[in-house]
Amino acid sequence: MAIAKKVTINDVAHAAGVSVATVSLVLSGKGRISTATGERVIQAIEHLGFVRNRQAASLRGGQTGVIGLIVGDLSSPFYAELAAGLIEALESQGKMVFLTQGGKTGEHMLQRFDTLVSQGVDGVVIAGSVDQGIELRDKADESGVPLVFASRASYLDDVDLIRPDNMQAAQMITEHLIRRGHQRIAWLGGLSASLTRAERVGGYCSTLLKFGLPFHSEWVVECETSQKQASQALTQLLRHNPTITAVVCYNNVVAMGAWLGLMRAGWQSGEHAVDYYDKRVALAAFADVPEKDLDDAPMSWVITPAREMGKSVAERMLQRIEDRKSTARNQIMPPRLVKQQ
């Protein structure tokens, strides 16, 4: 007995003489599709007998209940935690999440966006730094799909964007060290190409100037996110600048490398300023992991809860789906200081 071949969305697109994305836009009732094109697609659907549960539901109600999530790099603890918070919040509202990766440098973002739109998602979240933000925004406007960005740092304007306040976080952790008596504070970690690092270093520098403390360019040291490189960089920094009493670290990996470097060099980690002859250096860092996962080391941390940020992104996406004409806005998540000592 012959089994009838299942009709696919590609078959519908071929029969109607349109792209798969156009078929999805017709099914979801989104985007700027002409009446003639829409009728041609519907006729092809009826003629071929195309049925797909979520697409059929979109014909009746205009929504599929599916949200697309493109994460730049799921190996990043920050974005993994953000994704977990977003998925949890959306699933609690009866939504499903279609997750894909856009690449560490965002090289696949545009392609992944087109794929999600072709699947008839109700909206798309971009989690990660994006160089093609304007192109993605234009694509979203053209297809009528709500788009929300979530990033650790961004230069984008006129888009829905939720991000941490990197500058305030840096000001908070630097001032914390100053109020503990430190006046010779260095910076360790991150690369100059990073926008997140630029915002954090800006907050660090502005706080030193605010309190009338000197800024030494040679005390701002770049290094990869590697415990080994951070350990070596800190050892070299202190060898040439032994009067430094505190170091702000770019993230938790750099911080742990710095702490190990101190231990191996015979230094100690302590929060309050003492005479540098005592070989004690205070460490403070930005955490890219949840507070419960912080290493048990004597240092202070400043945190932007990524899971809470993910929940805020989910809330904003649901708002955009309900009111697609609402004004795009930037939302900044406040940091929180955690003292482990």
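The values are calculated or read from the model by the stated rules, or taken from the named source; none is laboratory data. What you see is a predicted model; the values in this text were computed from it and never measured. Neighbour counts are summed over all protein chains in view; Cβ atoms, including those assigned to glycine, are modelled from backbone coordinates with ideal geometry. SASA here: full protein model, heavy atoms, side chains in, ligands and nucleic acids out. Shrake-Rupley method; radii C 1.70, N 1.55, O 1.52, S 1.80 Å.
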Checklist entry - Just to be sure, is Ala306 among the small types (Gly, Ala, Ser), in contact with a Phe, Trp or Tyr (Cβ under 9 Å, 6 or more places away or on another chain) and modelled with pLDDT under 90? => result no
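Kindly check whether there is at least one residue in the stretch 47-58 that is surrounded by 15 or more Cβ atoms within 10 Å (Cβ to Cβ), closer than 21 Å to Arg137 by Cβ and at pLDDT below 90.
No, the stretch 47-58 contains no residue that is surrounded by 15 or more Cβ atoms within 10 Å (Cβ to Cβ), closer than 21 Å to Arg137 by Cβ and at pLDDT below 90.
Scan the stretch 167-196 for residues that are under 16 Å from Arg280 (Cβ atoms) and either open to solvent by 70 Å² or more (accessible area, probe 1.4 Å) or hydroxyl-bearing (Ser, Thr, Tyr) (or both) and jot them down.
Let us first name the residues in the stretch 167-196 that are under 16 Å from Arg280 (Cβ atoms), namely 177, 180-186.
Of everything in the stretch 167-196, those that are under 16 Å from Arg280 (Cβ atoms) and either open to solvent by 70 Å² or more (accessible area, probe 1.4 Å) or hydroxyl-bearing (Ser, Thr, Tyr) (or both) turn out to be Gln183, Arg184.
Taking the conditions exactly as written (open to solvent by 40 Å² or more (accessible area, probe 1.4 Å) and hydrophobic (A, V, I, L, M, F, W, C)), does Ile126 satisfy them or not? I'd like the intermediate steps shown before the answer.
Working: open to solvent by 40 Å² or more (accessible area, probe 1.4 Å): no; hydrophobic (A, V, I, L, M, F, W, C): yes.
So Ile126 does not fit the description; no.
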Next on the checklist: Going residue by residue through the stretch 155-164, is there one that turns out to be among the acidic types (Asp, Glu), modelled with pLDDT under 90 and open to solvent by 50 Å² or more (accessible area, probe 1.4 Å)?
Outcome noted: yes
Checklist entry - Among the listed residues Val121, Val125, which satisfies the condition of being modelled with pLDDT of 95 or more, among the hydrophobic types (A, V, I, L, M, F, W, C) and closer than 24 Å to Ser24 by Cβ? => result Val125
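Examine the stretch 175-185 for a residue that is in contact (Cβ under 8 Å) with a residue 40 or more places away in the chain and assigned to a strand (DSSP E or B), and state whether such a residue exists. Spell out how you get there, then give the answer.
Going residue by residue through the stretch 175-185, those that are in contact (Cβ under 8 Å) with a residue 40 or more places away in the chain are 176-177, 180-185.
So of that shortlist, the ones also assigned to a strand (DSSP E or B) come out as 185.
Yes, the stretch 175-185 has at least one match.
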Checklist entry - Just checking, which of Gly202, Gly261 is at pLDDT 95 or above, closer than 19 Å to Trp301 by Cα and in contact with a helix residue (DSSP H, G or I) (Cβ under 9 Å, 6 or more places away or on another chain)? => result Gly202
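What is the residue count in the stretch 200-219 for residues that are outside any helix (DSSP H, G or I) and within 19 Å of Arg179 (Cα to Cα)?
Just the residues of the stretch 200-219 that are outside any helix (DSSP H, G or I), to begin with: 211-216.
Okay, now just the ones that are also within 19 Å of Arg179 (Cα to Cα), so 211-215.
Number satisfying all stated conditions: 5.
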Next on the checklist: Can you tell me which condition Gly62 does not meet? The list is (1) open to solvent by 60 Å² or more (accessible area, probe 1.4 Å); (2) modelled with pLDDT under 80; (3) within 27 Å of Gly310 (Cα to Cα), and all the others hold.
Outcome noted: (1)
Checklist entry - Taking the stretch 20-46, which residues are among the polar types (S, T, N, Q), modelled with pLDDT of 75 or more and open to solvent by less than 60 Å² (accessible area, probe 1.4 Å)? => result Thr22, Thr37
Checklist entry - Do any residues in the stretch 309-328 that are touching a residue at least 60 places away in the same chain (Cβ under 8 Å) and farther than 19 Å from Val121 by Cβ have Cβ atoms under 7 Å from those of residues that are open to solvent by 10 Å² or more (accessible area, probe 1.4 Å) and among the small types (Gly, Ala, Ser), where the two are at least six apart or on different chains, and which pairs are they? => result Lys311/Ala89
Checklist entry - Of all residues in the stretch 239-270, which are open to solvent by less than 10 Å² (accessible area, probe 1.4 Å), of a type outside the set (S, T, N, Q) and either part of a helix (DSSP H, G or I) or closer than 20 Å to Gly203 by Cα (or both)? => result Ile244, Ala246, Val247, Val248, Cys249, Val254, Ala255, Gly257, Ala258, Gly261, Leu262
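Which residues, taken from the stretch 73-98, are modelled with pLDDT of 90 or more, within 26 Å of Leu294 (Cβ to Cβ) and not hydroxyl-bearing (Ser, Thr, Tyr)? Break it down stepwise before answering.
Narrowing the stretch 73-98 to residues modelled with pLDDT of 90 or more: 78-98.
Applying the additional criterion that residues be within 26 Å of Leu294 (Cβ to Cβ) yields 78-89.
Phe78, Ala80, Glu81, Leu82, Ala83, Ala84, Gly85, Leu86, Ile87, Glu88, Ala89 - these are the residues of the stretch 73-98 that are modelled with pLDDT of 90 or more, within 26 Å of Leu294 (Cβ to Cβ) and not hydroxyl-bearing (Ser, Thr, Tyr).
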